[in-house]
Amino acid sequence: MKIVIIGAVAAGSKAAAKAKRMLPDAEVHIYTDDTHVSYSACGIPYYIEGNFDDYRTLLVRSPEEFEHSGIRVHLRHKVTKIMPASKQLLINNLNENISFLDNYDKLIIATGASPIIPPIRNNCFKNVFTVRKIEDAINIKQKLQDARRAVIIGGGYIGLEMLEAFVRNNVYTTLIERGNYLMPALDEDMSELIAEELCKIHENKFEIITGQAVTEFCGDEEGVSTVEVGSGESYEADLVIICAGVKPNVELAVDAGIKLGVTGAIRVNNRMESSVPDIYACGDCCEETQIITKAPVWMPLGSNANKEGRCAAINCCGGFEEFYGVLSSAVTQCLGLTISLTGLTEKEAAKAGFDTVSAKVTKNDKVGYMPDANNITLKLIADKKSGRLLGGQAVGAKDSDKRINTLATALLAGLTVEEFRRNDITYAPPFSTSIDMLINASDILSAKLNQK
């Protein structure tokens with residue numbers, strides 16, 4: 001059997017390795033237009049920040065290691081067409097600009113996603129970057145060495161992570177978010193809290209601008225020098241980072257007649273099978289099922305990509321594995337502030353037809369007399385009719401994600417608030433208060449649910 005994988009970051013690399021382990025005698029080929037395979041794109045901001053000096057730390061597995069295990073890696077090879085009827089691929093060797101055909105028995109599409117570039121005038125300056133590939137990491141880190149000021153466009157996960165990276169390198173940073181709130185994945189009250197907490201610690205090292213869209217870059221042959229927004233204000237910049245979201249790379253799939261889902265990503269079933277026989281899709285190019293609502297969602301996260309790549313490989317090789325979906329669990333940090341969420345936000349739950357009730361508590365993450373005690377604000381959301389937990393968000397001290405991970409397990413089990421209140425959560429002064437905030441929030445939710 002010949003298995004071909006298009007793409008080789010998280011999902012594609014995982015699929016290739018799993019397929020070869022399952023079928024040692026199979027031909028396994030990876031085609032990628034990238035210069036690297038199997039790397040942690042999520043770690044790029046932390047390399048730029050200076051947590052480690054060698055970008056190769058981000059590389060999980062080298063092409064040589066893949067080759068040693070019998071997997072053929074074709075770097076700088078772009079698949080330009082999929083022909084399902086003949087089970088062939090048209091491939092362009094970018095190094096030599098030569099096109100050729102290759103065949104497959106099973107095909108796994110793991111083409112990932114690409115940064116969205118907003119309609120900004122003069123956006124081709126050489127000091128304007130996106131954060132997606134190893135080359136981006138190297139180039140940004142090099143430019144950072146002689147930068148005094150930076151502008152970040154976008155206040156989501158990557159925007160906040162890059163803000164931390166620049167501030168830690170003593171580069172004054174202006175973060176510009178088109179929407180009215182940072183981290184639009186959260187409810188507005190929790191997003192407001194993020195901005196409030198960050199502004200308490202800015203120490204004149206950064207500024208956050210919301211409700212403004214960048215309209216133009218101004219500069220010369222040396223690059224951008226100022227960034228203009230819709231209000232007419234301008235901000236100095238020695239480098240600019242665009243992190244305004246990503247879009248799934250689906251052009252190949254569309255051209256091959258593979259159906260997309262309502263999210264605009266490739267539609268797959270729970271075995272990662274596309275609408276075309278013997279073609280699978282995984283990672284940031286395909287959509288998932290939201291576990292609570294059972295509705296299609298698109299959640300491009302590295303954790304999902306790895307699980308989907310494994311699932312695609314197992315089924316591609318004749319096994320049976322199901323990927324049941326996602327809870328949209330995520331976490332990031334910025335300047336000591338941890339931001340985490342799982343399940344549905346209140347606005348998402350309302351949109352899905354739930355009659356929601358929520359509770360929010362702010363409490364120490366551990367006993368107050370501990371020297372490193374700090375606050376966490378936790379929000380829990382439930383359905384009034386059934387009492388079922390629907391989601392939660394946490395902003396604050398480092399262990400915010402511990403509460404969200406606990407909640408994620410409850411969501412997967414479909415627990416109600418009353419059932420979750422019985423949870424036996426660990427306690428010791430360095431780790432929690434005697435009654436953890438999860439229980440406090442659950443008690444408040446229970447009281448609201450029981451109101452007549």
Q.
Among the numbered criteria (1) surrounded by 24 or more Cβ atoms within 10 Å (Cβ to Cβ); (2) in contact with a Pro (Cβ under 9 Å, 6 or more places away or on another chain), which one does G245 miss?
A. (1)
Q: Quick one: which strands (runs of 3 or more DSSP E) lie wholly within the stretch 337-452 and hold at least 2 residues that are within 22 Å of the chain's Cα centre (by Cα)?
A: 337-343, 375-383, 389-396
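Could you go through the stretch 345-356 and let me know if any residue there is aliphatic (A, V, I, L, M) and in contact with a Lys or Arg (Cβ under 9 Å, 6 or more places away or on another chain). Talk me through it step by step, then tell me what you get.
At the first step, the residues of the stretch 345-356 found to be aliphatic (A, V, I, L, M) are 349-350, 352.
Within this subset, residues satisfying the condition of being in contact with a Lys or Arg (Cβ under 9 Å, 6 or more places away or on another chain) are none.
For the stretch 345-356, residues aliphatic (A, V, I, L, M) and in contact with a Lys or Arg (Cβ under 9 Å, 6 or more places away or on another chain): absent.
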Q.
Please go through (1) farther than 28 Å from Y31 by Cα; (2) in a helix (DSSP H, G or I); (3) of a type outside the set (S, T, N, Q); (4) under 17 Å from the mean Cα position of the chain (by Cα) for G155 and return the number of the only condition it doesn't satisfy.
A. (2)
Q.
Condition (residue is assigned by TED's automatic domain parsing to the domain that holds D105, surrounded by fewer than 16 Cβ atoms within 10 Å (Cβ to Cβ) and closer than 18 Å to P115 by Cα) applied to the stretch 284-295: is it met by at least one residue?
A. no
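Return the only residue of P277, P300, P296 being in contact with a helix residue (DSSP H, G or I) (Cβ under 8 Å, 6 or more places away or on another chain) and not hydrophobic (A, V, I, L, M, F, W, C). Spell out how you get there, then give the answer.
Working: P277 fails: in contact with a helix residue (DSSP H, G or I) (Cβ under 8 Å, 6 or more places away or on another chain); P296 fails: in contact with a helix residue (DSSP H, G or I) (Cβ under 8 Å, 6 or more places away or on another chain).
Among P277, P300, P296, only P300 is in contact with a helix residue (DSSP H, G or I) (Cβ under 8 Å, 6 or more places away or on another chain) and not hydrophobic (A, V, I, L, M, F, W, C).
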Q: Under 9 Å between Cβ atoms, at least 6 apart or on separate chains: pull out the pairs that start in the stretch 253-278 with a residue that is farther than 17 Å from G7 by Cα and end on any residue that is surrounded by fewer than 19 Cβ atoms within 10 Å (Cβ to Cβ) and among the aromatic types (F, W, Y).
A: N270/Y324; R271/F320
Q | Of all residues making up the stretch 293-307, the number that are more than 14 Å from A110 (Cβ to Cβ), in contact with a strand residue (DSSP E or B) (Cβ under 6 Å, 6 or more places away or on another chain) and not in a strand (DSSP E or B) | A | 1
(Q) So for the stretch 408-429 (the condition being in contact with a helix residue (DSSP H, G or I) (Cβ under 9 Å, 6 or more places away or on another chain), in the same structural domain as V367 (by TED's automatic domain parsing) and in contact (Cβ under 8 Å) with a residue 60 or more places away in the chain), does at least one residue qualify? (A) no
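Quick check on the stretch 162-218: of everything there that is farther than 28 Å from E348 by Cα and of a type in the set (A, V, I, L, M, F, W, C), which residue is nearest to the chain's Cα centre (by Cα)? Walk me through it before giving the result.
Residues of the stretch 162-218 farther than 28 Å from E348 by Cα: 164-174, 200-207, 215-218.
Then drop every residue that is not of a type in the set (A, V, I, L, M, F, W, C), which leaves 165-167, 171, 201, 206, 217-218.
Values: A165: 17, F166: 20, V167: 22, V171: 25, I201: 26, F206: 24, F217: 27, C218: 31 Å.
Residue satisfying both the conditions and the ranking: A165.
Quick one: which residue in G336, G302, G309, G319 is surrounded by 21 or more Cβ atoms within 10 Å (Cβ to Cβ) and either at pLDDT 95 or above or not basic (K, R) (or both)?
G309
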Q.
Exactly one of these conditions fails for F354: (1) of a type in the set (F, W, Y); (2) farther than 21 Å from I6 by Cβ; (3) buried (at least 17 other Cβ atoms within 10 Å of the Cβ); (4) not assigned by TED's automatic domain parsing to the domain that holds R403. Give me its number.
A. (4)
Q: Only one of these is assigned by TED's automatic domain parsing to the domain that holds R132 and either in contact with a Pro (Cβ under 8 Å, 6 or more places away or on another chain) or on the phi > 0 side of the Ramachandran plot (or both): G159, G232. Name it.
A: G232
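The values are calculated or read from the model by the stated rules, or taken from the named source; none is laboratory data. In this text, all values refer to a predicted model and were calculated from it rather than measured experimentally. No Cβ is skipped: glycine too gets one built from the backbone with ideal geometry, and neighbour counts run over all protein chains shown.
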